[in-house]
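Here's the structure we're looking at; comments come further down.
The values are calculated or read from the model by the stated rules, or taken from the named source; none is laboratory data. Since the model is a prediction, treat every value here as computed from it, not as a measurement. Quick reminder, even Gly has a Cβ in these numbers, built from the backbone with ideal geometry, and neighbours come from all protein chains shown.
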Amino acid sequence: MEYRNLGRTGLKVSEICLGTMQFGWTADEATSYRVMSAAWEAGINFWDTADVYSVWAKDNPGGVSETFIGKWMKQAQIPRDRIVVATKVRGKMGPGPNDVGLSRLHIMNAVEASLRRLQTDYIDLYQTHSADEETPIEETLRALDDLICQGKVRYIGCSNYLAWQLMRALWTSDKHHLARFNSLQPNYSLAYRADYERELELVCRTYGLGVIPYSPLGGGFLTGKYRRGQPIPPGSRGESSQRVQGAMTEKNWNLLDKLGELGRAKDKSISQMALGWLLARPGITSPIIGPRNLEQLKDNLGAVGLRLTPEEVKLLDEASAWQAAPAR
C-alpha cells in the first residue's frame, strides 16, 4: 500500500480511503466490522465518515457510522495514532434551528458528539460537509481554528465547495491567520469530470490541497454492473439513482467498453481501472471507496498499486472528455 501526504501537510494516508456512508444503511453492524477489519489488514489507514451518516436510512438517526467506527476501533484494539479518522459537520442532527449548519454553536456541539461516538479524544481531519451561506465564513473558520488549538482536531478540510467558495475560505484564513482547509472532497470520477476539472482542480493544485474524491465509481455506474441495452439489475442503486441513470449515455457506454478492453489486458476489472485512472491524476490523494460487503472491498483493493501507462490514461481521458461551455 502506498501512503501519500494529504496536501501540504505531513499527514500520510493510504492511497485508498475507506468510505463508511453505507454502514448502518446497506451494511449492518457485523458486516461493517468485517469490512473495516479487512481494510485495515490490507493496509488502509484512512477512514472517512460524517455525523449525518446515514439519516436517510430506515431507523437511522444519524451518527451510526461514527458509532460503528468507534466500537470497532476499541474492539479491534487499533492503535489510535495509526489510523486517520475523517468526519464531517454541517448536516441537520437535531430538531432545533441551531442543530444544522456551520455556526460556531453547531460546530462546537457537533464535534463533541462526534468525539463521543468515535470514542476518541481527537479527529484527524474535520471537514465541512458543504458550504453554509447563512454563516459568515470567518465564524466557521475561527471555530475550526479554535478546535485545532484545543487539540480536538488535527487538520481541517471541506467537501462539495464551489471554486469561489473554496477561494474565499483560503483567502479568509490567510487574511485572519486562521487554520486553512487542507483538503477538498469533491464528486469526481471518469463519468463526472467537469465539475472538478473546470475550476476546482487548478485551485487545489495551486494551493496544495489534498483531493479525496467521493463516488469514484460514478455512484456504481463504473463497476460494470450496468450494460448497454440491458435492464437495470433489481435491487441495485441504479433503480433510484438519478446520477447512475444520468450516466447512461452512449458516450459513457463507450467508456465502459474501453475500461473493459484495457482491464482485460491487465487482468483488472472495470472498477479497478476506473480507480486506477484517478490514482494517476495529478493532485489526487485518495479516492474514497464505499464497499458494502467484503466482495466489493476485495474488488476495490485490486486497484491498490495499479499504475496505468501514459497511453492508457490518454485513451481514458479521450473516452471521457468533456467540453467547456462556449463563452458568451
Picking from VAL84, VAL52, VAL64, VAL13, the residue that is closer than 17 Å to GLN127 by Cα, buried (at least 22 other Cβ atoms within 10 Å of the Cβ) and touching a Gly at 6+ places or on another chain (Cβ under 6 Å) would be VAL52
Six or more apart or on different chains, Cβ under 6 Å: which pairs go from a residue in the range 250-267 that's closer than 24 Å to PRO231 by Cα to one that's among the β-branched types (Val, Ile, Thr)? Could you list them?
-> LEU259/ILE270; GLY260/ILE270; GLY263/ILE270
How many of the residues making up the range 164-185 are closer than 15 Å to THR128 by Cα and without any contact (Cβ under 8 Å) to a residue 60 or more places away in the chain?
-> 11
With respect to the numbered conditions (1) surrounded by fewer than 22 Cβ atoms within 10 Å (Cβ to Cβ); (2) touching a Phe, Trp or Tyr at 6+ places or on another chain (Cβ under 6 Å); (3) of a type in the set (A, V, I, L, M), which one is the sole condition not fulfilled by ALA191?
-> (1)
Just for the range 187-211: of the residues that are of a type in the set (A, V, I, L, M, F, W, C) and assigned to a helix (DSSP H, G or I), which one is farthest from THR128 (Cα to Cα)?
-> ALA194
Selected residue [at pLDDT 95 or above, outside any helix (DSSP H, G or I) and buried (at least 21 other Cβ atoms within 10 Å of the Cβ)] from LEU141, LEU178, LEU184, LEU166 = LEU184
Enumeration of residues in the range 308-328 that are at pLDDT 95 or above and either within 18 Å of the chain's Cα centre (by Cα) or of a type outside the set (A, V, I, L, M, F, W, C) (or both) | THR309, PRO310, GLU311, GLU312, LYS314, ASP317, GLU318, SER320
Restrict the check to the range 212-231 and report whether at least one residue is in contact with a helix residue (DSSP H, G or I) (Cβ under 6 Å, 6 or more places away or on another chain), in contact (Cβ under 8 Å) with a residue 24 or more places away in the chain and surrounded by fewer than 18 Cβ atoms within 10 Å (Cβ to Cβ).
-> yes
Does the range 47-63 include one or more residues that are outside any strand (DSSP E or B), under 16 Å from the mean Cα position of the chain (by Cα) and among the acidic types (Asp, Glu)?
-> yes
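Yes/no matrix, rows are residues, columns are (1) out of contact with any Lys or Arg (no Cβ under 6 Å at 6 or more places or on another chain); (2) hydrophobic (A, V, I, L, M, F, W, C); (3) modelled with pLDDT of 95 or more; (4) within 21 Å of ASP299 (Cα to Cα):
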{"position": "SER37", "(1), (2), (3), (4)": "yes, no, yes, yes"}
{"position": "ASP48", "(1), (2), (3), (4)": "yes, no, yes, yes"}
{"position": "ALA57", "(1), (2), (3), (4)": "yes, yes, no, no"}
{"position": "PRO79", "(1), (2), (3), (4)": "yes, no, yes, no"}
{"position": "VAL84", "(1), (2), (3), (4)": "yes, yes, yes, no"}
{"position": "GLY91", "(1), (2), (3), (4)": "yes, no, yes, no"}
Complete set of residues in the range 289-307 that are under 19 Å from LYS225 (Cβ atoms) and either outside any helix (DSSP H, G or I) or under 15 Å from the mean Cα position of the chain (by Cα) (or both) | ILE289, GLY290, PRO291, ARG292, ASN293, ASN300, GLY302, ALA303
